[in-house]
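These notes are about the structure you will find just below.
Bear in mind that the values in this text are calculations on the coordinates, not laboratory data. Keep in mind that what you see is a predicted model, and the values were worked out from it rather than measured. Note that each Cβ is placed from the backbone with ideal geometry, even for glycine, and that neighbours are counted across all protein chains shown.
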Amino acid sequence: MTGSDVPSGADGPEVVGAAAPRVDAGTRPVPAGLDARAAPVIAIDGPTASGKGTIAQRVAANLGWHYLDSGALYRLAALAAIRAGAGFDDPGPLARIAATLPVGFAPDGRIRLGADDVTDAIRAEAVGNGASRIAVHGAVRDALLALQRGFRRPPGLVADGRDMGSVVFPDAALKVFLTASAESRADRRHKQLIEKGISANLWSLLQDLRTRDARDASRSVAPLVPAEDAHVLDSTTLTVDETVGRVLALWSARG
Ligand code: CDP
């Protein structure tokens with residue numbers, strides 16, 4: 001997440017409870033008379049490892065807007081569930097965990113869960129798979145809705161995920177559905193992990209990615225499908241710069 005005034009969840013030791021997500025003391029309220037909903041949103045959705053995060057961050061930086069990595073919230077909820085000893089199948093406890101997630105997003109991009117810096121921990125494949133498993137529960141998705149919408153602030157928000165354009169910000173000014181072939185996505189994810197010093201096997205990444213695609217696309221709640229009014233952008237043969245350029249061109253050319 002970028003920007004010093006990007007909202008964060010609560011700081012605090014508790015993980016399970018009934019309260020709505022709280023906001024860090026450092027978060028500034030939206031100034032009086034300014035409707036946060038008026039801030040434009042660019043929604044970038046797509047399957048795992050399609051490059052959404054990189055593209056969305058670059059587009060946000062280019063426009064000077066805020067950025068929401070909604071997948072990080074699902075990953076944080078999955079990590080909190082693992083730490084609380086909750087399984088991935090019972091929506092009740094998982095929704096309570098998601099609703100009171102003690103998240104903190106620092107301006108330098110570090111992500112905390114309570115007092116712990118979990119920036120790297122949430123990127124583990126096991127946590128990504130857990131995120132995909134808890135994301136099938138409607139109660140978990142509902143619990144994360146207000147937290148996600150809280151990131152919408154002037155001058156604008158670029159949000160990436162699976163359902164940014166279809167559910168979370170249906171009135172987004174621009175919706176992009178970013179895809180790439182499964183092989184090229186596995187290859188990108190492999191390079192990303194190796195660069196971070198995390199060992200990874202290309203073949204098993206490809207299998208994981210196909211399993212996750214199938215689960216994300218077939219779930220009954222907020223399945224991974226392009227919003228009706230989304231622009232589908234296949235980045236298989238595009239560089240990052242070219243893909244960012246296409247999104248910015250779509251933004252400039254909008255109605
Ligand atoms: O990095 P990758 O694209 O694999 O995943 P992510 O964007 O960090 O999201 C992790 C998981 O959370 C995904 O596999 C989805 O199942 C879930 N997710 C979701 O259901 N809805 C979102 N808006 C974002 C993520």
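Determine whether the range 82-92 contains at least one residue that is of a type in the set (A, V, I, L, M), within 13 Å of the ligand (Cβ to nearest atom) and buried (at least 19 other Cβ atoms within 10 Å of the Cβ).
No, that holds for no residue.
Which members of the range 119-147 meet the condition of being within 21 Å of Thr211 (Cβ to Cβ), without any contact (Cβ under 8 Å) to a residue 60 or more places away in the chain and small (Gly, Ala, Ser)?
Ala126, Gly130
Conditions: (1) surrounded by 24 or more Cβ atoms within 10 Å (Cβ to Cβ); (2) over 17 Å from Gly165 (Cα atoms); (3) of a type outside the set (Asp, Glu). Leu68 meets all but one. Number of the miss?
Failing condition for Leu68: (2).
So, in the range 108-117, of the ones that are within 15 Å of the chain's Cα centre (by Cα) and assigned to a loop (DSSP other than H, G, I, E, B), which residue ends up farthest from Ala86 (Cα to Cα)?
Gly109
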